[in-house]
Structure formats: C-alpha cells, structure tokens
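The values are calculated or read from the model by the stated rules, or taken from the named source; none is laboratory data. All values reported here derive from a predicted model rather than from experimental measurement. Ideal geometry is used to build each Cβ from the backbone, glycine not excepted, and the neighbour counts take in all protein chains shown. Surface areas here come from the heavy atoms of the whole protein model, side chains and all, with no ligands, DNA or RNA. Shrake-Rupley method; radii C 1.70, N 1.55, O 1.52, S 1.80 Å.
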Amino acid sequence: MTVGGTRRADVLIDRASIEAIEDDLTTLAEGGDVEVVDAEGLLVLPGAIDVHTHTRVASDAEPDRFFQDSVAAAFGGTTTFLAFNNPGTGSSPAAERSLLEGLREFRAATLADSAIDFAPSLAISGRMERVLEELPAIVDEGVPTAKAFMVFDFRLDERRILEAIRVLGARGGMLQLHCEDPVLIDAAVAEALARGDTGPAFHASSRTTEAEAVATERAMAFAAATGAPVHVVHLSSAAALRHVREAKAAGLRVHAETCPHYLALTEERYRGEDVLDVASCVISPPLRHASDQDALWSGLAAGDLDLIATDHVPDRLAVEKAQAAKGVPFNEISNGAPGIETLLTIAYGRGVAAQRMSLERMVDLISTTPARLFGLRDKGAIEVGRDADLVLFDPEARRTIRAAELHHTSDYTPYEGFEVRGAVRSVFVRGRAVIRDGAFVGERGYGRFVERGPIEA
C-alpha cells in the first residue's frame, strides 16, 4: 500500500531496509534461510508517523513512562513519533531557557528507552534568552522543527515568532505554531471567571473559533512576509482552515495538521454532567461544532490539511485531571488528552471505513507526508531503500475501544466505547518485529533517536 495505489506483492527486507518489492519472491524462501511472514488477508501499510506528541520522559517517580507510551504507539501502528519538550513533559527549568540545553536533556533522558524510533521537536519558550541564535544550531544537530506558542504563560511574542520563522526557514527548518489569539482568550477567560463560570465546560467557550482564526491568519501573514515554511498544529475549525486554504492558493509555504479528536468528537462532550468526563476533553483548541468537524474531513480530502497527528498528552483522570472534581477553575485544569495509540484506529475507522477518504489518502496523511514535511527521508513509504517500517493491518476486524485494553500511561481514552473497524496485527520497525500477532515482542531501547534532515516544505 502506497500513496500511489494498492497492489498484491511480496516485500523483501534485508537488515533494516526494504530490498525489493516484486509480484512473487517465493523462490527466495525455498532455501529456508529467509523468514516468511504471511500477510494473506491483511493490508501491509507503511508505519504511521505521529509528529505531534507531548510524551513525557522518564522521571524518578515514573521511570517507565516514555517507554510505555512508545510501546502503546507501536500497538497502534505507529513506528516513529516526535515529542515536544514543553513544560510538563519532564524538562527542567534550564531547558525552558535554552533550546540546546533542552536538546541535550532530551537526548540523555531518552537514551535506550524507546521501543520504536523517535525524535524531538523542541518547544520554544518566551523565557528563552537566545532563541534566534540557537535555532540554526538545533537544525545542524538534526532537529529541523521547533514549536512556538501564541498563548499560555510561556508564549513567544509575535516579533520573535516572525524572526524564528525566518531564521529556521533560512537553515532548512520549519516553525510549528499553536495558533490562538492571547488577547481574545485572556479577556474571555477573565470575564468567565468574574461571572463565576469556573467549570471545565467554560474552557471551551472561552477559546472561540474566532480566536483560532485570527491567530491563524496572522501566522499566514508571517509566512508571506518571510517566504519561509510555517506549520499550523492541531487546527480545529472551519474558520481557521479558510485562512490556510487561501494561503495555499496564494502559493505560500504553509501546512496544517488536524487531530483525531477533532475528527471523532464534538463540543457536545462538554455538555455532560460528569465533571471529570468533561475535564477529560479539556484541550486547546477545544472540541468544536459538528460543522467544523465536517469542514476538517473535507479539508483532509481536498488537500487543504496536510496530515493527522495526535497531540498526545498522557494526562490521567486520577492525577492531572482530578482537580476538576475538586472545583478548581477551568483555567487551572491540565490541558490535553491521550491518543498515541489511536491515530491509525481513528483515521481508518472514522475515515476510510466511513468512506470519508481513500486508503491511499490515509497513508499519505499519517505516513508519507509527515515523513516528507518533517525530514524523515528514510520513512513514510513502502519503497526500495526506505526503512522497513511496516504494519500488518486487518481491515475487516471489528472492535470496541476500551481504556482497559490500551497500553498508554494514561488511565482513560476520549474514545471509550467507540465501535471501530480495523485492527493492527503486527508491526515491524526497521525490519524487526515489535508487535507480532497482537503481542509486544520488541525491546526497550531498540528505538533510535532519528536525526532528521532538512524539511521538504
């Protein structure tokens, strides 16, 4: 299965790479020195690449959390993931002051700890003193992408966002942007709290589609001013998508992703009476109206949106979200929801199986384009010479998503009870089985830190 189409063929793997793809390679197995994996009745897909996670590195209190989430990703058919090192992921105060220190910390913390391949995409904090000086250095170190936030207390001011786009682009890198307008949101949050509207549902009403659209339009203007690439993360609304579509039509080097939760859930989730269930979907931007969801599916099909990524945050109802049940105001509830294991599940189950997109388009959105845009030149496609990152997928399987059956470090899934089609059977990373017949057979530390090349955007 490739972006170009589907065919019945044999794939030969030599060491870590794809050596040949032919209609019939059975003669190679007759000598008995070649392992044969029978994929009859299954789809052979390139491994999914999740370019947006907030996977937490190991800590003294939770030494297995990075490894465990890497295993969960493998169970979901992801063979490579990118992780941010923003506050809350295990980075130190020193990492908030220096990109290079953050990279050094991340390398040390993740050494020999992942079951699948991974790479960092560094978070830029407004507290950093030498952002513009350090950006070229991180690209030279194999990290061509970094993320800036227009909101939160560690936001980067707009002047430095503009310059960061310019500096990264000149070095072959790309800035990822969280696009929400701080003026509109800060005012709306203050007004809600003053009215006594403190419950988690008011998180959503204080972060409007207009706030996202205004910030996205500004990001497009920055791309126009610099001629450099810009990637909008977790786009959630039709209003924001319109600005991306117009910028693409104008020939700007802009790209955008959306997330499974925006494709499968709506703002109706915030109308429930269970405070913890509402808090479980406190994310930024929040879940939107069904009409926005329809616009996102249309945008994926039309090419206005370039990829799907999870924005995985391994929060737990019993820990990070628990304060909601104690009456803590919505602006103090941890933002984020888990999703590292359910990228392919939602993309196939709610996309391909629901006839919202073709199988080939799904492969492009979760494998091929993420590899191209994020400098993973050896990944993302079943082609000779590429890494043998393969997923054996049963398109006819039917199952129910249950948190109790997932493997991530969170204690819930926002998709609890979803009936979906499709199931991962086996996963290979660089030719080596990590999941075989639904069981983990990999090894902690097999996953390697991938130094990425210049982005193709």
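Ala146's amide H: which non-local residues (gap 5+, or another chain) put their own amide H closer than 5 Å, with H modeled 1.01 Å from N in plane and none for Pro or chain starts?
Met174, Gln176
Percent antiparallel among DSSP beta bridges with both residues in the chain, to the nearest 5?
The answer is about 45 percent antiparallel.
Sort 92-99, 162-169 by the packing proxy (mean of other Cβ within 10 Å over each peptide's residues), most packed first.
Details: 92-99: 17.1, 162-169: 21.5.
Taking the mean over residues of other Cβ atoms within 10 Å, the ranking is 162-169, 92-99.
With an 8 Å Cα cut-off and a minimum separation of 6 or more residues, compute the relative contact order for the chain in percent.
Once normalised by length, the contact order is 23 percent.
In degrees between 0 and 90, to the nearest 10, how far off the longest principal axis of the chain does helix 238-249 point, with axes built from Cα atoms?
Once rounded, one gets 60 degrees.
Compute the length gained on full extension between Glu332 and Leu28: take 0.36 nm times their separation in residues and subtract their Cα-Cα distance, giving the result in nm to one decimal.
Answer, rounded to one decimal: 103.4 nm.
Give me log10 I(q)/I(0) at q = 0.10, 0.13, 0.14 Å⁻¹ for the chain, Debye formula, one equal scatterer per alpha-carbon, no solvent.
-0.68, -1.19, -1.40
So what are the ³J(HN,Hα) numbers for region 166-176, from phi and the Karplus equation (6.51, -1.76, 1.60; θ = phi - 60°), rounded to whole Hz, Gly and Pro as x?
Whole-Hz 3J(HN,Hα) from phi for region 166-176: 5, 5, 4, x, 5, 9, x, x, 8, 8, 9.
Can you check what the net charge comes to around Leu365, using other residues whose Cβ is under 11 Å from the Cβ of Leu365 (Lys, Arg +1; Asp, Glu -1)? Write down the numbers at each step before the final one.
Values: positive: Arg361; negative: Glu257, Asp306, Glu360, Asp364.
The answer is -3.
Could you provide, to the nearest whole Å², the per residue accessible area of the chain with probe 1.4 Å?
Computed with neighbouring chains in place, this is 38 Å² per residue.
Give me the number: length gained by fully extending Glu456 to Thr400, i.e. 0.36 nm times residue separation minus the C-alpha to C-alpha distance, one decimal in nm.
Separation in residues times 0.36 nm, less the Cα-Cα distance, equals 16.4 nm.
Could you work out the relative contact order of region 70-223, using alpha carbon pairs under 8 angstrom and six or more residues apart, expressed as a whole percent?
Details: 215 pairs, mean separation 27.8, N = 154.
Across region 70-223, relative contact order equals 18 percent.
When the chain is fully extended, how far beyond the present Cα-Cα distance does Ala439 get from Val37, taking 0.36 nm per residue of separation?
My answer for the length gained is 143.2 nm.
At 222 nm, what value in deg cm²/dmol follows for the chain if DSSP H runs of at least 4 each add -39500 (n - 2.57) and the sum is divided by all its residues, to the nearest 500?
-8500 deg cm²/dmol
Any idea which of Gly349, Gly336, Leu373 is furthest toward the positive side of the dipole for region 336-380, if Lys and Arg beta-carbons carry +1 and Asp and Glu beta-carbons -1?
The listed residue farthest towards the positive side: Leu373.
What distance in nm lies between label points placed 7 Å from Cα along the C-beta direction at Arg127 and Thr6?
So the label points at Arg127 and Thr6 sit 5.0 nm apart.
Considering only protein heavy atoms and a 1.4 Å probe, what is the carbon-and-sulfur percentage of the accessible area of region 1-57?
On the way: 1520 of 3300 Å².
The computed percentage sits at 46.
Spelling out what I want: for every residue of region 401-410, take phi, set θ = phi - 60°, compute 6.51 cos²θ - 1.76 cosθ + 1.60 (Karplus), and round to whole Hz; glycine and proline get x.
Per residue, the Karplus-derived 3J(HN,Hα) values read 6, 10, 4, 5, 9, 8, 10, 6, 7, 6 Hz.
Quick one: Cα centre-to-centre distance for region 419-454 and region 18-63, in angstrom?
6 Å
Between Arg271 and Glu158, what is the label-to-label distance in nm when each label sits 7 Å out along the Cα-to-Cβ direction?
The answer from the label model is 3.5 nm.
At a 10 angstrom cut-off on C-beta neighbours, averaged per residue, how do the peptides 242-249, 334-341, 153-160 rank from highest to lowest? Can you show the working numbers first?
Values: 242-249: 18.8, 334-341: 25.1, 153-160: 14.8.
Final packing ranking: 334-341, 242-249, 153-160.
Pop a pseudo-label 7 angstrom from the Cα along the beta-carbon direction at both Ser291 and Arg448 and give the gap in nm to one decimal.
In this crude label model, Ser291 to Arg448 measures out at 5.1 nm.
Under a cut-off of 29 Å between alpha-carbon atoms, report the lysines in cross-link reach of Lys321, not counting same-chain residues fewer than 8 places apart.
Lys321 reaches Lys147.
Over region 139-281, calculate the relative contact order: mean separation of alpha carbon pairs under 8 Å at least 6 apart, over the residue count, as a percent. Can you show the working numbers first?
Details: 210 pairs, mean separation 32.1, N = 143.
Normalised by residue count, the contact order of region 139-281 is 22 percent.
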